[in-house]
Structure formats: C-alpha cells, structure tokens
Amino acid sequence: MGSLLTTRIEEAKAKGRKAVIPYLPFCHPDCERFWTEIEGMDAAGADVIEVGVPFSDPVADGPVIEEAVNECLERGACLKGILDGLAERKGKLHAAIVLMGYVNPFMQYGWEKFAADAAAAGVSGLIVPDLPYEEAGEIKALLRAQGLDLVPLVGLNTSADRLALYAEDASGFAYFVSVLGTTGARDSLPEEVFEKLTLARKAFTVPLALGFGIKTPEQAARFGDLADAVVIGSAIVSHTKAGGSAAQFLAPFLK
Amino acid sequence: MTPKKDTTPTDSGYYGEFGGRFVPELLMPPVLELTRAAQEIVASKEFQDEFTAILRDYVGRPSALYHCPNISRELGLEFWLKREDLNHTGAHKINNTIGQALLTKKMGKPRIIAETGAGQHGVATATAAAMLGLECVVYMGEIDVERQAHNVRRMELLGATVVPAKNGTKTLKDAVNLALKDWIANQRTTHYCIGSVIGPHPFPELVRDFQAVIGLEAKEQFAARTMGRLPDAVVACVGGGSNAMGMFHAFVPETSVRLIGVEAAGTGEPGCYHSSSLSQGTPGVFQGTLTKLLQTEQGQIEPSHSVAPGLDYPGVGPEHAWLQATGRAEYYCLKDDRALNAFFVLCRKEGIIPALESSHAVGWVLDNADRLPKGGNVIVCLSGRGDKDMGIVEEVLAKDPSAYSDIYSAKYAVKGPKEGK
C-alpha cells in the first residue's frame, strides 16, 4: 500500500501546484476552534495537515510556536486528545494527517501503542524533530508495521552522506528545513537553499517539502520544481491567534 | 545495549539504556564534529599538557583535600572535604569550561555560548572565554538573573553578554533551550559549552572527563595521607551531576567505595516542586538525552525547585541514571532546610562558607552519619563556595530568623570560646 502522504503531494503536482501543508498545534487557538480550523483547511483543499503535538520544551521551534504551544498545554492539550479527535473524524477528512511532535510525549504514551492508536485514528505519518537517523531505527520499524511514515528532516548543513542515509528508506515525504535556525516566518530565505535543495532532490525519491520561514506563496514559488510541497507554520499560527481563519490564509497558496 | 567497558559509553553515547543523541538533524553536524574533536584533539598529549598547565597555574589545582577536625569529632567519623570551592571563580565549574574553551579555540571557532542556573557555570565560561580570547554569550533564566544578580555583574565584567530566558519556567532548563537554539543558528562559528554531564553525546562524557580531575586528585591525596587506603564513601550533590561525576569517576572501579549522590528534595511537603530526578523521576527524553526526568504522565517536563539554584534542573546526566540502575551508586535527596542547616554548620564549625548546592552533600552526611561506618572515612565534594548565596540565605533568615539557628544549634550546638575545646 502506498503512502497517503506521497499520494496527496503527487495529486497536487498533477494539478500543477505545490502541495500545501499547514501546521497547527492541537488546542490552538482554543481546543474547539482547532477542529473548526482543521476542517476548514481540509475543505479549502489543504493536501496534508500537520497537527502539532504540544511539548513543554520545543527546541526546534521559534517564539511564535513556542508561545502557542505553551498556551495549548495550559488548555490541557495531550496526545490522547488529538488521537480521539482524529478518530472521530476518520474518513471525513480528505487531507492526509501527519503529527509533528517531540520524542518524549510519544515515548511516554508508548511507541507501540501510539503506532496502533495513530493508525486506527487515520494518521499517515510522523515528524519528530529531535529524532535524528541514529535514534530512529527501532521506532521507524514500529511505525512502519502500522503503515505510518517517519518523515525525515534534513537541512542546509546535512552532508551528502547523511542525505543518502535518510534517503535509503524514506517514505511519505522528506522535510527540508530552509534555514539554520528555528521555526518562524522570515522575509527572505538564504540563497544556499537552492544549492542544497538540488542536492536533496537528487538524493530522495520521495517528494520534498520545504518548511521553516515560509509565509507567502511567492517565497515558495522561487524554488520552482525543487520543492514539491510547502509547510506553513508560524504564519498561520499568528494569523489564527489574531482571529483570522486558517483556510483564508491558505487560499493564495492553493491557487 | 551495554557500554564497551565500565564507564565508556557506546559509540552512539549510551550508558546502558540511558544517553544517546536526541537532537534535531540540524544539530547533528556540530555534534558529530564535537565527537571527532573530543577523540582527536582532547585525547592528544598536546591538549592534555596545555589543559593540565592551565588547571595548575590559572585555576589553582590541585585543590586541597581538607580533613575537618570539628565535624569529624562530632560525627564519629573522618570527614574530609575536596575543596573545589578554592578554585579560581569559586567552583568546580571552571575545570570543564577551561577544557571546552580550549577545545573551542583548537576547533577554530571564535564564539562560545553557555547556559547557567546559579551563575557559576556562566562565570566560569566567561572567565575561560576572556582568558582564551573568545566571544561569550551566556543564557540565564530570568528568575535566576534576579536570584544571582552578583554573578550576572561578574559575567558582564568579564566581557560576556548575559541573555535572560523569559520563556517557560524562566530557569535553567529554559536557558538550555535558548542556548540550543543559538547553537542551531550559529553552529559554524560557535561552540556550546554545556555546563553539566547532560545533553547529547558526547557532552556527558566530555564534561565528565574534564571534571574527572576532582576524583583523581582526591584519590591520590587521600592515599598519600592514609598510607595508600581508599575512603569508605565519596559524597556529592547532584543537579545535572557534573561535580558528582567528576568525583565518582576515579572511584567507580573501586567497588569498596560507596558512591553517594544527593539530590535536592525542595521544601519537602507532598506535591512540592523539587529537583530529585533520580530519586523520584522516570525515564524520558529531554534536551538531547534519554535519562531520568521530572515529568507528567503525558511526558511534559515539570518545573523543578531547590533553594540551591545550581540544582534546580528537572533532568540529570545519563551516566548517573545508569550508575543508579546498575546499583553502583546510591542516590538520596535532602530538603532545603536540611541543606541550610548544613550550610550553617560548616560555616560555624569549620570556618567554610559552602555553596547551597554543596550543602546538600554535607547535609546528607550530617544527617546520616549512622548509615556510614563508625570511624570510617568520607570525602564530600565541596563543589563551590557560598558567597553567591548570601542573598538567598539572608532572605530565608529574614522570613524566619529563629528557624535555622534552632536547627543548627540544637543538633550541632555551636560552642562559644568558653565551652569549646
């Protein structure tokens, strides 16, 4: 069975555009509106939706997401709440669902139980920033046994050797981090992204998503066919926090 | 997975089930670069000679091993202190920062960053950076900036920039998060000088090896004073655990020597915040390593507390978690008030003002002398001096002037000149 994450990204490509992957942490802007926003983004045509699993110490995230996640935790956000909510909506969302979170909450839930419950809730894959190749082996196997993809994160400083390691058995898509830094909308991306994306493009057979720092369709468009998908996080979080709708924010990316 | 030999982690940095490298891929290149540098540069004779010379001429090593006559008499055992408080900058932290700053320079990086809780590691990093000509930025929780204002001024005098962590619990763990983020962004020019035996491999091993001088000296000094004997126990306070690992390392193979780590139990009432990751925590992944943590059932990191800011951290070095799991080391916890009691006892009985961190180790021995062999020899690592803690002590006394004088005068009555020997 092929990966739904790959399928959704390829479907967008067939429509002549980059796949759009919005990120929203669970319980942002509040626990109820979170699901309204997810359903809204799905209806608007988001291809993959990245649901953030709140963690108290999000080391790869910048100030916007860190603050949002801390608020989510105060509202009682937990992994079980996400899986229960997704299970209720299983079969009703067209977008593929990928969870983004740090190792410890998954580990405390129990990786094996998590893999089974996540698959049952309709989750297609996982992005775990603090799980580099060296630590991922057994976990990747457990996830794969349930049909879940572990999405590799690579970046500007990932060597060709390490790209090859990640590419060897990558599934779903590969996430290319566009800056040497944390998440957060930026006005411009470093020039070396072109060169490094080209290297990553050669290494991976799975689709490539570009993320960190993206806030406009123009930024993503500059990279042409080098990226198949674009991840939008902090910009949506700021927009929804200010009362805007996530679907509305995504509209220009989905044209 | 078992370590290759007793205390050497596996190639991927595991001590038994603890350790590893749980960092974003963006941090793997500098972590791997550091692993190679530790193997090639730190292991070289040239580096070791230079490091040893700086420790001798600048830090003031070897630090004294002091036999405390008055406390020994009262406890009925031989009570020794390994005097890391006598080092330049007043704590054991300088051993590690000199090592890492020297390594930074040899790696060709011009900038060093650090996190600090009590401020001692920040001061030590700023000192080493000034001495070796490196730019220095220190991250410090906003609450600690207030609690340790004196150390902030010292760091600034030494040329470092102090950046307050205003997020999360505004303490040490948030300073570590900020430093990790800085390292991700500036890895090409910057080394992150972690201040304890925590973080991703190779930090726990690297820091331990720079601190191992404490135990090596203590072992040699003790043997020289006792015709080649070993102590019955060595005792050290444990926050992240670097002074304890430094003290324990040389004694790990000596199975007749009890290794005793003392954590901070905080105020001690049920449900209070504390810093006893080994005594009361559970395994999990935090800030780059799999170790024992204070966390909720959902895996969120819980706030910690100790009257000693340097112990106020919700995790602990993975090698300690392993030493505990294998039964080689014992870990206990001590409440704030008992640490303060020990603080006063050491002041009055021996004329030494200890750091509140070290007071936990002293306090455990004072309160548990009956669990140690009568007439036996116990070495406590006095990891730092207490000048920095004057504000905290004064605050405690201001709240309740009688409480602590009662505690220290009741059990270890301070004898005036007329009563004393």
Item to check | Some residue of segment B:257-273 being closer than 22 Å to B:T7 by Cβ and either surrounded by fewer than 22 Cβ atoms within 10 Å (Cβ to Cβ) or polar (S, T, N, Q) (or both) | outcome: yes
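Look at A:Y102 and say whether it is modelled with pLDDT of 95 or more, in contact with an Asp or Glu (Cβ under 7 Å, 6 or more places away or on another chain), within 14 Å of chain B (Cβ to nearest Cβ) and closer than 30 Å to B:T169 by Cα. Steps first, please.
Numbers: modelled with pLDDT of 95 or more: yes; in contact with an Asp or Glu (Cβ under 7 Å, 6 or more places away or on another chain): yes; within 14 Å of chain B (Cβ to nearest Cβ): yes; closer than 30 Å to B:T169 by Cα: yes.
In short, yes.
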Next on the checklist: Scan segment B:157-176 and tell me whether some residue there is within 14 Å of chain A (Cβ to nearest Cβ), in contact (Cβ under 8 Å) with a residue 24 or more places away in the chain, more than 21 Å from B:I392 (Cβ to Cβ) and crowded, with 24+ Cβ neighbours inside 10 Å.
Outcome noted: yes
Checklist entry - Going by the conditions given, is B:G99 more than 14 Å from chain A (Cβ to nearest Cβ), out of contact with any strand residue (DSSP E or B) (no Cβ under 9 Å at 6 or more places or on another chain) and part of a loop (DSSP other than H, G, I, E, B)? => result no
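Restrict the check to segment B:242-254 and report whether at least one residue is modelled with pLDDT of 95 or more, more than 18 Å from the chain's Cα centre (by Cα) and assigned to a loop (DSSP other than H, G, I, E, B). Break it down into steps so the answer makes sense when it comes.
First, pick out the residues of segment B:242-254 that are modelled with pLDDT of 95 or more: B:242-254.
Then keep just the ones that are more than 18 Å from the chain's Cα centre (by Cα); that gives B:253-254.
With assigned to a loop (DSSP other than H, G, I, E, B) added as a condition, the list becomes B:253-254.
Yes, some residue in segment B:242-254 is modelled with pLDDT of 95 or more, more than 18 Å from the chain's Cα centre (by Cα) and assigned to a loop (DSSP other than H, G, I, E, B).
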Next on the checklist: Looking at A:L156, A:L163, A:L143, can you tell me which residue is more than 19 Å from A:T198 (Cβ to Cβ) and either surrounded by fewer than 24 Cβ atoms within 10 Å (Cβ to Cβ) or more than 14 Å from every other protein chain (Cβ to nearest Cβ) (or both)?
Outcome noted: A:L143
Checklist entry - Within segment B:65-92, which residues are in contact with an Asp or Glu (Cβ under 9 Å, 6 or more places away or on another chain) and either β-branched (V, I, T) or assigned to a helix (DSSP H, G or I) (or both)? => result B:P69, B:N70, B:I71, B:S72, B:G90
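Output the residues belonging to segment B:272-290 that are within 14 Å of chain A (Cβ to nearest Cβ) and touching a His at 6+ places or on another chain (Cβ under 8 Å).
As a first pass, look at segment B:272-290 and keep what is within 14 Å of chain A (Cβ to nearest Cβ): B:277, B:281-290.
Scanning segment B:272-290 gives a single hit, B:T289.
The values are calculated or read from the model by the stated rules, or taken from the named source; none is laboratory data. Every value quoted in this text rests on a predicted model; they were computed, and no experiment measured them. Positions of Cβ are backbone-derived with ideal geometry, glycine not excepted, and every protein chain shown enters the neighbour counts.
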